[in-house]
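Below you will find the structure I want to go over with you.
The values are calculated or read from the model by the stated rules, or taken from the named source; none is laboratory data. Only a predicted model underlies this, so the values are computations on that prediction, with no experimental measurement involved. When we count neighbours, we look across all protein chains shown, and the Cβ atoms used for this are built from the backbone with ideal geometry, even at glycine. Only protein heavy atoms, including side chains, enter the accessible area calculation; ligands, DNA and RNA are left aside. Shrake-Rupley method; radii C 1.70, N 1.55, O 1.52, S 1.80 Å.
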Amino acid sequence: MLYCGLRSCEVLALTVADVDIGGRWLQVVGKGNRERRVPLDGDVASVIQVYLLAERPQTSSATVFIVAKGPNRGQPLTAAGLRTILRYHRGLSGIGGGHPHALRHTFGTALAEAGVDLAVMEALLGHTHVDSSARYIHLAPAHVKAEFDAARERIRAQS
């Protein structure tokens, strides 16, 4: 979710056939049943490959993420299960709050801070309007100031 900007429902709906480890792509079905291809970071692709080959419980389900233990072992992971997993890992890391969708916002903010064009963000996040993507940008004040200072220097250099 963090490295691909996916919604919880998109993560939970991923099937094994949607993951192209070698090509480093995900085929995602988003809101309104719209499909999009999302690039897959090489490190994330490696983690998913290890999960699929060695950690994913045996199941007849095509979904990627499967309940690993308990009475529902082998069943597709649910939204409640995903929230439980994130809550558990927040506790381990000492992070007090947050929810799965916050990872999507973090992805959008990181892209914006890296200078990614808003139209590219729109495509990656699966939005139909650029305005929707703009809401995901939460720039740190220090980043805004650094960009402003850099722009002023470029303007001065042109004069």
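I need the full set of residues from the stretch 12-42 which are farther than 16 Å from LEU124 by Cβ, open to solvent by 90 Å² or more (accessible area, probe 1.4 Å) and at pLDDT 95 or above, in order please.
Selection gives ALA17 alone.
Considering the stretch 1-11 alone, what residues qualify as being over 17 Å from LEU77 (Cα atoms) and either open to solvent by less than 60 Å² (accessible area, probe 1.4 Å) or of a type in the set (Ser, Thr, Tyr) (or both)? Reasoning before the result, please.
Kept after step one, since they are over 17 Å from LEU77 (Cα atoms), are these residues of the stretch 1-11: 2-5.
Selection gives TYR3, CYS4, GLY5.
Looking at ALA45, is it in contact with a strand residue (DSSP E or B) (Cβ under 9 Å, 6 or more places away or on another chain), surrounded by 14 or more Cβ atoms within 10 Å (Cβ to Cβ), modelled with pLDDT of 95 or more and assigned to a helix (DSSP H, G or I)?
Working: in contact with a strand residue (DSSP E or B) (Cβ under 9 Å, 6 or more places away or on another chain): yes; surrounded by 14 or more Cβ atoms within 10 Å (Cβ to Cβ): yes; modelled with pLDDT of 95 or more: yes; assigned to a helix (DSSP H, G or I): yes.
Yes; evaluated as a whole, the condition is true for this residue.
Let me ask you something else. Checking the structure you have, find out if any residue of the stretch 74-89 is at pLDDT below 90 and not in a loop (DSSP other than H, G, I, E, B).
yes
Here's something else I'd like to know. Filter the stretch 101-148 for residues that are in contact (Cβ under 8 Å) with a residue 12 or more places away in the chain and exposed (fewer than 11 other Cβ atoms within 10 Å of the Cβ) and give the result. Talk me through it step by step, then tell me what you get.
From the stretch 101-148, those in contact (Cβ under 8 Å) with a residue 12 or more places away in the chain are 101, 103-109, 111-113, 118, 121, 123-126, 128, 130, 133-134, 136-140, 143; that's our starting set.
Result: ALA140, single match.
Please state which of the following conditions VAL50 fails to meet, knowing it meets all the rest: (1) closer than 22 Å to VAL16 by Cβ; (2) touching a residue at least 40 places away in the same chain (Cβ under 8 Å); (3) open to solvent by 60 Å² or more (accessible area, probe 1.4 Å).
VAL50 satisfies all of (1) closer than 22 Å to VAL16 by Cβ; (2) touching a residue at least 40 places away in the same chain (Cβ under 8 Å); (3) open to solvent by 60 Å² or more (accessible area, probe 1.4 Å) except (2).
Considering only helices (runs of 4 or more DSSP H) fully contained in the stretch 112-159, which possess at least 2 residues that are under 17 Å from HIS101 (Cβ atoms)? Break it down into steps so the answer makes sense when it comes.
Numbers: elements: 118-125, 130-134, 141-158.
Filter on the stretch 112-159 gives 118-125, 130-134.
Filter the stretch 53-100 for residues that are under 26 Å from ILE21 (Cβ atoms), exposed (fewer than 10 other Cβ atoms within 10 Å of the Cβ) and of a type in the set (A, V, I, L, M) and give the result.
LEU53, ALA54
More than 17 Å from VAL11 (Cα to Cα), touching a helix residue (DSSP H, G or I) at 6+ places or on another chain (Cβ under 7 Å) and part of a loop (DSSP other than H, G, I, E, B) - does that describe any residue in the stretch 96-109?
Within the stretch 96-109, the subset more than 17 Å from VAL11 (Cα to Cα) is 96-98, 109.
Retained after the next criterion (residues that are touching a helix residue (DSSP H, G or I) at 6+ places or on another chain (Cβ under 7 Å)): 98.
With the extra rule that they be part of a loop (DSSP other than H, G, I, E, B), the set shrinks to 98.
There is at least one residue in the stretch 96-109 that is more than 17 Å from VAL11 (Cα to Cα), touching a helix residue (DSSP H, G or I) at 6+ places or on another chain (Cβ under 7 Å) and part of a loop (DSSP other than H, G, I, E, B).
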